[in-house]
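Below is one structure, written out as structure tokens; comments come after it.
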Amino acid sequence: MESKVLNALGIDPAFIFLFMLIMLFVLFLLYVNVNVKYNRLKGIYQTFMRGKDGKSLEQSMMDGFADVESVLKFTKQNRQDIKEINKKLSSTYNKVGIVKYDAFNEMGGKLSFSLAMLDGNDSGWVINAMHSREGCYTYVKEIVKGESFVELAEEEAEALDKAMFENVYGLDSDEIIDK
């Protein structure tokens, strides 16, 4: 069977027939693939809907939405609580530095100490307790933003440096002073 049109175009009818067979085979494979996916989806849907009618399905969805709303409510409350805790923490004493020393050469055991306690803004106080044979003397000096209006003794300044730098950065105050 010869065609004048195909002969004029220079196309052999066998190539057209072969092309059509390949296309038929590819379409058959696509059909099988879609059918398998459809059957799998249908099975999942039937498993999901097993034993449920419209009302029970609606109720289970409403229960899920209620659970989500309660989780959102608790999340908002937790965020608010965390903000309040952070606000309170900024005014609490959370930086501490202590230095033990011998105030007088007559005593041993380093019974005297300087203790610095600061908040998040490096404000607070330094207490110095000097122990001697006659008694124990304590002094408190106010610290505002890392500075004292009263001159600090060497041990008090060291305790202040420890409070300001060691707790925040995990560094030794001697390393910072040396740099």
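Under the definition of Cα pairs under 8 Å and six or more residues apart, what whole-number percent is the relative contact order of segment 76-165? If you can, show how the numbers build up before the last one.
Numbers: 172 pairs, mean separation 25.0, N = 90.
Averaging sequence separation for qualifying contacts and normalising by length gives 28 percent for segment 76-165.
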Report the residue, chosen from ASP161, ASP63, ASP122, that carries the largest GNM mean-square fluctuation when the chain is represented by alpha-carbon nodes joined by springs under 10 Å.
-> ASP63
Among SER148, ASN78, TYR101, whose Cα lies farthest out toward the positive end of the dipole of the chain, if unit charges sit on the beta carbon of Lys, Arg (+1) and Asp, Glu (-1)?
-> ASN78
Quick one: work out the % antiparallel among DSSP beta bridges in the chain, nearest 5.
-> 100
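For the ranges 17-26, 112-121, what's the packing order if you count other beta-carbon atoms within 10 Å of each residue, average per peptide, and put the highest first? Let's see the in-between values first.
Numbers: 17-26: 9.9, 112-121: 19.6.
Ranking, from highest mean packing down: 112-121, 17-26.
Give me the dipole magnitude in Debye, nearest 20, for the chain about the Cα centre, with unit charges on the beta carbon: positive for Lys and Arg, negative for Asp and Glu. It would help to have the intermediate numbers written out before the result.
Numbers: 21 positive and 27 negative charges, 401 e Å.
Its charge dipole is roughly 1920 debye.
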Could you check the simple spin-label distance between VAL140 and ALA66, using points 7 Å along Cα→Cβ, in nm with one decimal?
-> 5.5
Return the single residue from GLY124, GLY109, GLY146 with maximal mean-square fluctuation; model: Gaussian network over the chain, springs between Cα atoms under 10 Å.
-> GLY109
If the chain between LEU57 and LEU24 were fully extended at 0.36 nm per residue, the gain over the current Cα-Cα distance would be 7.6 nm
Report the FRET efficiency, 1/(1 + (r/R0)^6), for PHE74 and SER123, where r is their Cβ-Cβ distance and R0 is 45 Å, rounded to 0.05.
-> 0.80
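Given an 8 Å cut-off on Cα distances and at least 6 residues of separation, report the relative contact order of the chain as a percent. Numbers along the way, then the final one.
Values: 186 pairs, mean separation 24.8, N = 179.
Relative contact order here is 14 percent.
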Say we join alpha carbon atoms closer than 10 Å with springs in a Gaussian network model of the chain; which of TYR137, TYR93, TYR38 then has the biggest fluctuation?
-> TYR38
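Roughly how many debye, to the nearest 20, is the charge dipole of segment 57-144 about its Cα centre, given +1 on each Lys and Arg Cβ, -1 on each Asp and Glu Cβ, and no other charges?
On the way: 11 positive and 12 negative charges, 72 e Å.
Result for segment 57-144 is approximately 340 debye, rounded to the nearest 20.
Readers should treat all values here as calculations from the given coordinates under stated rules, not as data from a laboratory. None of the values given here were measured: they were computed from a predicted structure. Cβ: placed from backbone, ideal geometry, glycine included. Neighbour counts: every protein chain shown.
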